[in-house]
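Participant: Once you've had a glance at the structure underneath, I'll fire off some questions.
All of the numbers you see were taken from the coordinates with simple rules; none came from a lab. Every value quoted in this text rests on a predicted model; they were computed, and no experiment measured them. Methodologically, a virtual Cβ is constructed for each residue, glycine included, from the backbone with ideal geometry; neighbour enumeration extends over all protein chains shown.
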């Protein structure tokens, strides 16, 4: 079976698809763009990179001229689901002190871990494209976020004297429990 | 129509004239990307990349100047044929007339002995 242009240059075509998607080019226009490139490189015998440049540059140039799809809420969904995870972490940290009728103790490092998680969530719109373009970033984010979560749990102060904050666990539990049924996912 | 012009023109000139020349290349009837580039090259206008032509054709399509039709190829992918709409033909006629006026003025200016705007 003869290999088509898209088989021979799979990586280039995959990257173009992703980049056009990031520019919110409609599905039909993406299919059209891929088929046009395949047609042109079959005709000219050129490499896609020579005839069209990098997928990122070409997608930007094409997207400036093509009809775009309305915003599809992917960013909103990702932020809400990550926020849901943070709410769950706080909820689970408050359960044990509440059941033992003890205050919810928070240490400095623990608060720093929560702050890091909050920054990761709030800054997500700024680096979402980086995540989708690079596999390493997609792997690193849950690792860093997970490590911050585990560290926050491990470094929970045992005694009130070593804690920075001592909160009543019930309001925290009620507030996070009220937030959790929200459509985060 | 062919030319032995192998010189590469300043990229600004190509950028300015490519749209008009691509519309002209479509005036003889439906054609496709590589054929347009070949026609421009054979006319001595320079070498153009697919990455330059297709966004321009997409702009024409969005503006309603061209319509497209996919036709099955002999082998491999099909071909996307572009053809001028009546709106596109009117645009070509208008741009061609403007270009001829502009280049006539430019040529007259470049060959005139005295072209100071005001007397010193």
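Participant: Remind me, what semi-axes does the protein assembly as shown give for its equivalent ellipsoid, largest first in whole Å, using sqrt of 5 times each Cα gyration tensor eigenvalue?
Facilitator: Numbers: eigenvalues 731, 114, 61 Å².
For the protein assembly as shown, the ellipsoid semi-axes come out as 60, 24, 17 Å.
Participant: Rg and Dmax of the range A:5-63, using alpha carbons, in Å: what are they?
Facilitator: Answer for the range A:5-63, Rg first and Dmax second: 10.3, 30 Å.
Participant: Here's something else I'd like to know. Out of A:50, A:32, A:14, any idea which swings most in a Gaussian network model of chain A, alpha carbons joined below 10 Å?
Facilitator: A:50
Participant: Follow-up question, since we're still on this one. Could you grab the Rg to Rh ratio for the range B:11-111? Cα atoms only, Kirkwood for Rh.
Facilitator: On the way: Rg = 14.7 Å, Rh = 14.5 Å.
On the Cα set of the range B:11-111, Rg over Rh gives 1.01.
Participant: Taking the convex hull of the Cα atoms, report for the range A:74-179 its projected area averaged over all directions, in nm².
Facilitator: Details: hull surface 27.2 nm².
Spelled out: convex hull of the Cα atoms, projected over all directions, averaged, 6.8 nm².
Participant: On to the next question. Given a Förster distance of 45 angstrom, what is the FRET efficiency for residue B:69 paired with residue A:131, based on the Cβ-Cβ distance and rounded to 0.05?
Facilitator: 0.70
Participant: Quick one: angle between helix A:27-44 and the longest Cα principal axis of chain A, in degrees between 0 and 90, rounded to 10, please.
Facilitator: 40 degrees
Participant: Rank B:107, B:85, B:52 by mean-square fluctuation in a GNM of chain B with C-alpha springs under 10 angstrom and give only the top-ranked residue.
Facilitator: Comparing B:107, B:85, B:52 in a Gaussian network model of chain B, the most mobile one is B:107.
Participant: Which residues does the label zone of residue A:80 cover in the range A:121-152, counting backbone N under 18 Å from a point 7 Å along Cα→Cβ?
Facilitator: Answer for this model: A:121-125.
Participant: Something else about it: Over chain A, what is the relative contact order in percent, taking alpha-carbon pairs closer than 8 angstrom and at least six residues apart?
Facilitator: Working: 172 pairs, mean separation 49.8, N = 185.
Relative contact order comes out at 27 percent.
Participant: On C-alpha positions alone, give me the angle between the axis of helix A:135-154 and the longest principal axis of chain A, in degrees, nearest 10.
Facilitator: It works out to around 0 degrees.
Participant: Of B:46, B:29, B:78, which has the largest mean-square fluctuation in a 10 Å C-alpha GNM of chain B?
Facilitator: Maximum fluctuation in the GNM of chain B, among the listed residues, is at B:78.
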